[in-house]
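Presented below is the structure to which this report refers.
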Amino acid sequence: MIAVQEELSVLIQAQYPLIYLLTSEEERAEQAIATIAQSQVGPQGRSPRKLYIWTVTHGMVEYGHPRNNSHHNTVSPEAAIQWVVHQREPGIYVFKDLHPFIDSPPVTRSLRDAIASFKSSHKTIILMSPEAAQRIPVELEKEIVVVDYPLPSINELDEVLGQQLDPRDRRVLTPEAREKLVKATLGLTRDEAEKVFRKAKVTAGRLTEAEVDIILSEKKQLIRRNGILEYMEVDETIDSVGGLEELKVWLRQRANAFSEKAREYGLPQPKGMLILGVPGCGKSLIAKTTSRLWGLPLLRLDMGRVYDGSMVGRSEANLRNALKTAESISPAILFIDEMDKAFAGGAGSSDSDGGTSSRIFASFLTWMQEKKSPVFVLATANRVERLPGEFLRKGRFDEIFFVDLPNAEERKEIFRIHLTKRRREIDRFDLEQLANICDGFSGAEIEQAIIAAMYEAFAQGREFTQLDIIAASRATQPLSKTMQEQVTALRDWARQRARPAAASVAEYQRLEF
């Protein structure tokens, strides 16, 4: 925030006549501008610049004065701008929510007249709004400077938390727990952070690390307002995933990768991970359980909602807004399921959609390459041949894992997990026999076999048995047989180009090397 405040100060001191300040935090931005006004003396050593605030409801009011103490006949935008032109003293004039009027010919002309009269007058107009104008008039394009006022930094949010802590909380709250609480509020405004800290305190009676979930739940409101991102609820833990030990170790090693301790150690923030594999082998489940393991919100990017043909440029704007929202609540995990379908043909779509897919693809690649915010991109794919080569080059993702069909031990573990979810006692089942019968089955197919067996037994009014599961399994034709050529091709590609997610395969490859 200091950098932006310095930028505003420089622009005002350099006599830039028109600044467009994008922010939803009016009070916080006003305080920053007031500080700038007080710090900058006028020409010939005159007193600090005066600050005035305009709204369509009250007209022009000097900052710090009661709202009913407005200057006469300044409610209309044109009248207020003319009033500014007639002022002789240097000043900063903040116009709130002028964007609906900015392309009105009288307002545009008034602003141009004001700009022309501001030369060497040390006067600046700041247009403050939570959203950019739909269209900045061509007449003002060369004169206006757009500045994004960022959300509170981690230091500001830590200050907000400090104000909500009582002496008892300060004694028991460890530095690590305090850091987690503060980071959980990243992406919220100062007012939102104050409210959510108060809510957590009212709910639990005190502020501890355990209240992070309450804070994260408030962030769902941000996602709902976005409409393109989906905040995914996570109930499963990493122990709900059968097998894939190599991948689990990799994830556990990075559980605290977004902490300040990791930065002090010199570690870079993780960029992302691509999981390739056979459908139904737990790729999406890994994304959900990673969110729980790392204690980060999981945001699903729905590419179907991104594409919007109602207006030229709308799809690109949707993607930018979604990525900006993800960054605003970071650290977070951005989940893109079946990326091969989302970006298939993205490199050459001019014939099918006028190049929209190509532009979306290029924008996303640029964002992945240049992003500084702690947003971990977790993508899954089934058909590697559909993925553009740019996604697969080294450095785009931290790691590319391949999830193969489970082996006998992993199938046994998957049966144990799914049976335990449904029955407390599972000693009556021979897991080894079930694992052998389901050779070539994916995790999803094993689960469906159990569900089919339960339906059969439920319809007959009895408890399901080992024989029911065997019968359901033998009635199932697994994907590994119906799509044998595709699975074989994926395995051949991944053998030399991806890291195996299963520990047994990874260890074999290490010994082979």
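Each value in this text was obtained by applying a stated rule to the coordinates, not by laboratory testing. Predicted model, so just to flag it, every value in this text is computed and none were measured. For neighbour counting, all protein chains shown are included, and Cβ atoms are generated from backbone atoms with ideal geometry for every residue, glycine included.
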Rounded to the nearest 10 degrees, what's the angle between the helix 443-459 long axis and the longest principal axis of the chain, both from Cα atoms, 0 to 90? 70 degrees
What angle do you read, to the nearest 10 degrees and between 0 and 90, between the alpha-carbon axis of helix 105-117 and the longest principal axis of the chain? 60 degrees
GluC sites (Glu not before Pro) lying in DSSP loop within segment 112-159, provided at most 11 other Cβ fall within 10 Å: E131, E141
If neighbour count is taken as other Cβ atoms inside 10 Å, put Y265, Y16 in order from fewest to most. Y265, Y16
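Within 10 Å of each residue's Cβ, count the other Cβ atoms and sort W493, W54 from fewest upward.
The fewest-first ordering by Cβ neighbours comes to W493, W54.
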Please give the calculated 222 nm ellipticity per residue for the chain, where each DSSP H segment of at least 4 residues contributes -39500 (n - 2.57) and the sum is spread over every residue; nearest 500 deg cm²/dmol? -14500 deg cm²/dmol
For the chain, what does the relative contact order come out to in percent, with C-alpha contacts under 8 Å and a separation of six or more? 12 percent
Out of segment 70-141, which trypsin sites (Lys or Arg not before Pro) are coil in DSSP terms and have no more than 12 other C-beta atoms within 10 Å? R88, K119, R135
What are the ³J(HN,Hα) values, in whole Hz, obtained from phi via the Karplus relation 6.51 cos²θ - 1.76 cosθ + 1.60 with θ = phi - 60°, for each residue of segment 158-168 in sequence order, with x given for Gly and Pro? 5, 5, 4, 4, x, 6, 8, 7, 8, x, 5
Given the chain, what percent of its DSSP beta bridges are antiparallel, to the nearest 5? 15 percent
I need I426, I238, I360, I126 ordered by Cβ neighbour count within 10 Å, fewest first. I426, I238, I360, I126
Relative to the first principal axis of the alpha-carbon coordinates of the chain, what is the inclination of helix 314-328, with its axis defined by its Cα atoms, in degrees from 0 to 90 and to the nearest 10? 90 degrees
Dividing the surface of the Cα convex hull of segment 238-403 by four yields a projected area in nm² of 9.8 nm²
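So in segment 2-148, what percent of DSSP beta bridges are antiparallel if you round to the nearest 5? Mind showing how you got there, number by number?
Numbers: 5 of 26 bridges.
Given both bridge residues lie in segment 2-148, the antiparallel proportion sits at roughly 20 percent.
Checking the a/c ratio against 1.5 first, then a/b against b/c, what shape does the Cα gyration tensor give for segment 226-313?
In terms of gyration-tensor shape, oblate.
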Evaluate the distance, in nm, between pseudo-label points positioned 7 Å from the Cα of D235 and of N407 along their respective Cα→Cβ axes. 3.3 nm
Quick one: plug the Kirkwood hydrodynamic radius of the chain (C-alpha pairs) into Stokes-Einstein at 20 °C, 1.002 mPa s, and report D in µm²/s. 79 µm²/s
